[in-house]
Amino acid sequence: MPDAITPLIQQYTVDFASNNNFLFVKGIQGDGYGTRYVDISLMNNGQPYMVDREAVTVSIRGTKPDNHAIFNECEILDSNTIRVEITQQMSAIDGRSNYEVSIMSNLENRTLTSFPFFIIISKSSFDVGYVVSSDEFGLLIEKINQVHKIQADLSDLKSEMENVTQNCNTATEHCLEATENAVQATQECNDATAHCIDATNTANETIHAMNLLNDAVSDAEQIRIANENQRITNEEERKQNEIERKNAEIQRQNLFETTILDVTSATANANTAADSANMAAGNANKATERANNVSNDLENKLASGYFNGRDGKDGIDGKDGIVTTIEGQIAFEIENENLMLYYNDADHPPDAHIDDNGCLILAVG
């Protein structure tokens, strides 16, 4: 289920190498409980200042207008960005407060602090007197809780050590009993040692003979191992040659199949091109035949006077029509023996007139 109130997150920059006198973070009196946050980019003279979340702790420290102190831990978002929560205590009193960002090493007694900047809390129009201003040491409380946890862990460790010590004491008693038994067994062993000396001499002679035999066997085994290694090497070479032969066979087969496909494709393309050429030739013959027919028709009409107009003048008398203007087109009409031109206002009409023979003269160029 989503939060009833979406928190507001403001973006600011704090530079550790220069003052931050013009940085003003704004809030409203009485806000808190995860409603307002400030994401701060840490910079060093205009360049990102990197922090390691495993090696350092980042805090925000400041004093409210009523002189109560704030000392809270900040969340490290990435290598140079932190998130500061504007808690209810930080917004309990209206006015301007000085704050600073502090980076503390977790391994050494070292601290780097920024130049101060300002958090301005605007007075609420509603009485928020129910918020009692006090000091807020969130980071210190967290560190104290960590110490308490360490103390509890040490107490558990102490209890475990006491149990281990008791177990060690019990084991020591068992060891003492075993030592006494061992002393008695040692005496019995000494008695048996005397009987073993003679057997040892006999055993030494036997061992010497076995060593000679072992040397001979070892030499034979080395020869066998060398022969086996050579056999393995030969077998590996044979397998590799077989693999190379099979790969060459596969490549040859692939090349053959590719060549067959290329030849088949080329043949199909050639047949298609031939069909297209034959079709184009047929279309060209038909077009030539139609052109010849049109030409013969025009020559016959010209010879028969088909195109002669009134009074024997050239041209065919046209029928009266309706003239309208279309952009890019010009219409001509004879009205009361006057030449009329109809054209669109955006066009420029040519120089045209009717000469003494009644012909339309049109000046071009």
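The values are calculated or read from the model by the stated rules, or taken from the named source; none is laboratory data. Being a predicted model, the structure only gives us computed values, none of them experimental. For neighbour counting, all protein chains shown are included, and Cβ atoms are generated from backbone atoms with ideal geometry for every residue, glycine included. Ligands, DNA and RNA are stripped out before the accessible areas are found, and what is left, the full protein with its side chains, is counted by its heavy atoms. Shrake-Rupley method; radii C 1.70, N 1.55, O 1.52, S 1.80 Å.
Quick one: what pairs do we get from region 219-244, first residue assigned to a helix (DSSP H, G or I), second of a type in the set (Gly, Ala, Ser) and surrounded by fewer than 10 Cβ atoms within 10 Å (Cβ to Cβ), C-beta under 7 Å, 6+ apart or different chains?
From residues that are assigned to a helix (DSSP H, G or I), there are no pairs.
Would you tally the residues in region 89-108 being open to solvent by 20 Å² or more (accessible area, probe 1.4 Å) and more than 16 Å from THR13 (Cβ to Cβ)? Can you show your working first?
Step one: filter region 89-108 for residues open to solvent by 20 Å² or more (accessible area, probe 1.4 Å), giving 89, 93-96, 98, 100, 104-108.
From what is left, the residues that are more than 16 Å from THR13 (Cβ to Cβ) are 89, 93-96, 98, 104-108.
Final tally of qualifying residues: 11.
Filter region 310-365 for residues that are over 60 Å from the mean Cα position of the chain (by Cα), small (Gly, Ala, Ser) and either at pLDDT 75 or above or loosely packed, with under 10 Cβ neighbours inside 10 Å (or both) and give the result.
Listed by number, the residues that qualify are GLY312, GLY318, GLY321, ALA331, ALA352, ALA363, GLY365.
Condition check: out of contact with any Asp or Glu (no Cβ under 6 Å at 6 or more places or on another chain) and hydroxyl-bearing (Ser, Thr, Tyr). Does TYR37 satisfy that?
no
Working only within region 64-105, note down all residues that are among the charged types (D, E, K, R) and touching a Phe, Trp or Tyr at 6+ places or on another chain (Cβ under 6 Å). Show your work before the answer.
Pass one, region 64-105, residues among the charged types (D, E, K, R): 64, 66, 73, 75, 78, 83, 85, 94, 96, 100.
If the condition is that a residue be among the charged types (D, E, K, R) and touching a Phe, Trp or Tyr at 6+ places or on another chain (Cβ under 6 Å), then ARG83, GLU85, ARG96 are the ones that fit.
Please enumerate the residues belonging to region 166-222 that are under 60 Å from the mean Cα position of the chain (by Cα), at pLDDT below 80 and open to solvent by 90 Å² or more (accessible area, probe 1.4 Å).
Taking region 166-222 as the starting set, the residues that turn out to be under 60 Å from the mean Cα position of the chain (by Cα) are 166-168, 222.
Next, from what is left, pick out any that are at pLDDT below 80: 166, 168.
Result: GLN166, single match.
Look at SER159 and say whether it is at pLDDT 75 or above and more than 30 Å from ASN72 (Cα to Cα).
Judged against the criteria, SER159 is not a match.
Of the residues ILE9, ILE86, which is under 25 Å from SER124 (Cβ atoms) and open to solvent by 70 Å² or more (accessible area, probe 1.4 Å)?
ILE9
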